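First up is the structure itself, then whatever we jot down about it.
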Amino acid sequence: MVGSALDSGLRRLAATAIGLIYPPTCIACGAATGQPHALCAACWSGLRLIERPYCERLGTPFALDLGVGSLISPGALAEPPVFGRARAVAVYDGTARDLVHRLKFSDRLDLGRTMARMMAAAGSELLDEADLIVPVPLHGLRLWRRRFNQSALLAREIGRQSGKSCDLRALARVKATRPQVGLTRRQRAENLQGAFRVTDAGRARIIGRRLVLIDDVATTGATGNAAARALLRAGAASVDLLTFATVTRDGL
Ligand SMILES: O=P(O)(O)OC[C@H]1O[C@H](OP(=O)(O)OP(=O)(O)O)[C@H](O)[C@@H]1O
């Protein structure tokens with residue numbers, strides 16, 4: 001008892017000392033903040049958080065609250081996604097885009113914890129009903145170049161925070177796809193055709209289970225659809241998609 005009080009007192013003292021030497025800074029822009037692992041006021045205001053009313057399938061926000069119950073967007077009705085439901089923390093612009101780019105292209109792995117905390121909150125409905133969390137895998141070549149998979153990093157942290165198991169090896173990316181950036185909606189879907197395969201060992205772990213697929217961004221949903229298709233074909237009971245950010249243009 002005395003030992004643990006001493007331990008936590010020492011930890012607080014160490015945190016204060018570190019805070020004096022390295023004052024906390026905004027995770028997005030580097031300006032001074034009051035709290036570590038947080039955003040400054042300007043970056044907060046540049047984050048378009050997604051709240052209801054949103055499309056219950058795609059998780060994309062509606063401009064107007066019509067005061068009616070659950071709604072499905074025209075985009076989801078015209079072209080229903082393969083995954084069941086998608087949810088995201090924020091619209092993919094401003095601060096959300098900065099955070100995704102910093103995490104992925106500037107090796108800011110430290111952002112993963114804060115981004116995952118926000119994702120666990122935005123996706124709490126999906127996570128509550130899920131049996132297993134599965135990240136969108138990178139192809140071996142991309143993984144070798146980047147040295148880490150941002151989605152696996154987020155998935156592991158969301159698993160830790162939500163208490164749900166996370167399986168990093170159930171799904172494999174068997175095709176070295178081109179980056180989606182710069183491709184049209186149709187090219188994105190074609191690029192991802194046959195890109196994912198459930199591993200032999202993973203099959204037994206996903207059969208009959210409700211999965212939450214994790215990715216950093218959903219733009220057209222082509223990646224989410226292709227990964228969900230592979231998981232459902234291999235016997236998953238359901239697949240929902242949780243990302244940090246989503247593009248709202250033409251309804252995902
Ligand atoms: O919803 P979509 O239209 O499929 O776009 C979203 C996907 O695009 C990006 O991946 P990309 O394959 O470009 O590779 P990256 O991880 O190197 O960015 C991103 O990480 C998503 O996986």
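Each residue in segment 201-222 was checked for being within 8 Å of the ligand (Cβ to nearest atom) and in contact with a helix residue (DSSP H, G or I) (Cβ under 8 Å, 6 or more places away or on another chain), and 7 pass.
Checking each residue in segment 225-252 for being within 16 Å of the ligand (Cβ to nearest atom) and assigned to a helix (DSSP H, G or I) picks out ASN225, ALA226, ALA227, ALA228, ARG229, ALA230, LEU231, ARG249, ASP250, GLY251. Taken together, the residues in segment 47-102 that are β-branched (Val, Ile, Thr) and open to solvent by 80 Å² or more (accessible area, probe 1.4 Å) amount to 1.
Can you pull out every residue in segment 115-137 that is open to solvent by less than 10 Å² (accessible area, probe 1.4 Å) and assigned to a helix (DSSP H, G or I)? Result: MET115, ALA116, MET119, LEU126, LEU127. Of the listed requirements (1) closer than 22 Å to ARG113 by Cβ; (2) open to solvent by 70 Å² or more (accessible area, probe 1.4 Å); (3) modelled with pLDDT under 95, SER4 misses just one: (1). Being in the same structural domain as LEU99 (by TED's automatic domain parsing) and at pLDDT below 95 is the requirement here; does VAL181 meet it? The answer is yes for VAL181.
Number of residues in segment 162-200 that are on the phi > 0 side of the Ramachandran plot and more than 16 Å from the ligand (Cβ to nearest atom): the value is 1.
The values are calculated or read from the model by the stated rules, or taken from the named source; none is laboratory data. Everything numeric in this text was worked out from a predicted model, so none of it was measured. Virtual Cβ from ideal backbone geometry, glycine too; neighbours counted across all protein chains shown. Ligands, DNA and RNA are excluded from the accessible area calculation, which covers all protein heavy atoms including side chains. Shrake-Rupley method; radii C 1.70, N 1.55, O 1.52, S 1.80 Å.
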